[in-house]
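The values are calculated or read from the model by the stated rules, or taken from the named source; none is laboratory data. Just so it is clear, the structure is predicted and the values come from calculations on it, not from any experiment. Please note: Cβ atoms are built from the backbone with ideal geometry, for glycine as well, and neighbour counts cover all protein chains shown. What goes into the accessible areas is simple: the full protein's heavy atoms, side chains included, and nothing from ligands, DNA or RNA. Shrake-Rupley method; radii C 1.70, N 1.55, O 1.52, S 1.80 Å.
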Amino acid sequence: MKRTRWLSAILAALMLFSLAACGKGDDEAKDPNLLQIGDYTLLYKDACIMEDYAGEDAIVLTLDFTNNTQKNAAYIGSIVEFPVQNQQELEFTAVYISADSDKMVSDGQMMDVAPGETLEIKTAFVLKDMTSEVEIRFEELIGDKSASLTIDPSTLKKETPGDSTGTSVVGGKGATAEGSSTVGSGETLLDWWNGDWYGWWMMTGCSGYYEDMEGDWWDICGTIDIGDDNIGTVVLWDEDYTKDDPMVSASVSLSEAGTGEYGTMMSEGGWFTDIDLGHADWIVDPGLLDYEDMIHIDGYYENGDDAFFYDIYLRPWGTYWDDMDAEDQPYYYDDWYLPLIGAGKSMPDSISVG
């Protein structure tokens, strides 16, 4: 800068100093616990150590989830978590709010949050040890924005079930679980889910080895077995598999939270054909469907260049599908299924036709 106008130079210097001071103050005021992830904001509030359903030590995080989109959004359908300790990914786990309750601390993850509103949620992971730092990366489910937290479990207090519970709305009416009442007692809820199921499944968006299978579909049978602790299994087999040699074996959890009276079933582990299933790969909420007594399982298969989306529609064995058009019924509905249920037969361990 030429020094011909000393007054202008002094004023410019003062302005630069002022701007620099403001910038420094903004950096210092920034809350490291406030994470911006695309259209969502997470505020890390607290963490503790609790025992999970299996008696293992779990780290339980408390977060404020703010939905800055223009439509309702649930945490579990918006954010994906990647917790790592000692370079190993930690498993999501079920932690109950009290010893005699079937509600989990993480149930709030499935509640809808209205635009501009905030919901306190919790999430829990099984620790590898009690001393090594845990880094949790939060990513958009759809998008590429992410942010991370690092927590030292050795600094956290250990709490017993009942000390840290529930969810709360910050800012009014934001969190909604419309129609989330359960079917009477927990036993009745389990009665609805547990048992034999029949339907069909389809592949779409196929690539690689499966490219020629675009739109193909098969009949499918399955068994759901969930215990009093709301943890259980789903076993599925189509025309090329059997119950003893199934296509799918998934570990699942059941929550009372959901858009309807039957709550929500979620995958926690297991496998689909030759790939692993993880926490929340399946989020099965019957309240979202237009038909009664039906569940829809959707997911994505990817193994190298081979990939496809899958949709599985199931109804309890013995249910008539007369409320649906013929093209929406299983392929062998008339020729195989109806004769069996008409004769009062239980579901076979394989689909044998022709």
Original post:
Once phi is turned into ³J(HN,Hα) by the Karplus curve 6.51 cos²θ - 1.76 cosθ + 1.60 with θ = phi - 60°, what whole-Hz value does each residue of the range 237-254 show in order, with x for glycine and proline?
Top reply: 9, 9, 5, 9, 10, 9, 4, 6, 10, x, 7, 9, 9, 10, 8, 9, 10, 10
Original post:
Quick one: with all protein chains in place, what share of the accessible area of the range 116-165 is carbon or sulfur, to the nearest percent (1.4 Å probe)?
Top reply: 43
Subject >> Listed peptides 246-254, 96-104, 334-342 by packing density, highest first (mean Cβ within 10 Å) >> reply: 246-254, 96-104, 334-342
Original post:
Hey, what's the range 256-325 come to in accessible area per residue, 1.4 Å probe, Å²?
Top reply: 45
Original post:
Using Cα pairs under 8 angstrom and six or more residues apart, how large is the relative contact order of the range 33-124, in percent?
Top reply: 31
Original post:
Sequence-distant or interchain residues sharing an amide H contact under 5 Å with E117, placed H: which?
Top reply: N67
**OP:** Pop out the ³J(HN,Hα) list for the range 123-134 in order, Karplus 6.51 cos²θ - 1.76 cosθ + 1.60 with θ = phi - 60°, rounded to Hz; leave Gly and Pro as x.
**Re:** 9, 9, 9, 6, 7, 7, 7, 9, 10, 6, 5, 10
Original post:
Pairs K45/K71; K103/K243; K30/K157; K243/K345; K30/K71: which are spaced more than 22 Å apart, C-alpha to C-alpha?
Top reply: K45/K71; K103/K243; K30/K157; K30/K71
Original post:
Y331: accessible area at probe 1.4 Å, nearest 10 Å²?
Top reply: 150
**OP:** Can you send over the solvent-accessible area of T188, 1.4 Å probe, protein chains only, in Å² to the nearest 10?
**Re:** 60
Original post:
Over the range 249-354, what per residue volume does the convex hull of the Cα atoms give, in whole Å³?
Top reply: 144
Original post:
Net charge near G195, counting Lys/Arg +1 and Asp/Glu -1 over other residues with Cβ under 13 Å of its Cβ?
Top reply: -3
**OP:** Net charge near T233: determine it from the other residues with C-beta under 13 Å of the C-beta of T233, scoring Lys and Arg +1 and Asp and Glu -1.
**Re:** -2
Subject >> Share of carbon and sulfur in the accessible heavy-atom surface of the range 286-354 [1.4 Å probe, %] >> reply: 42
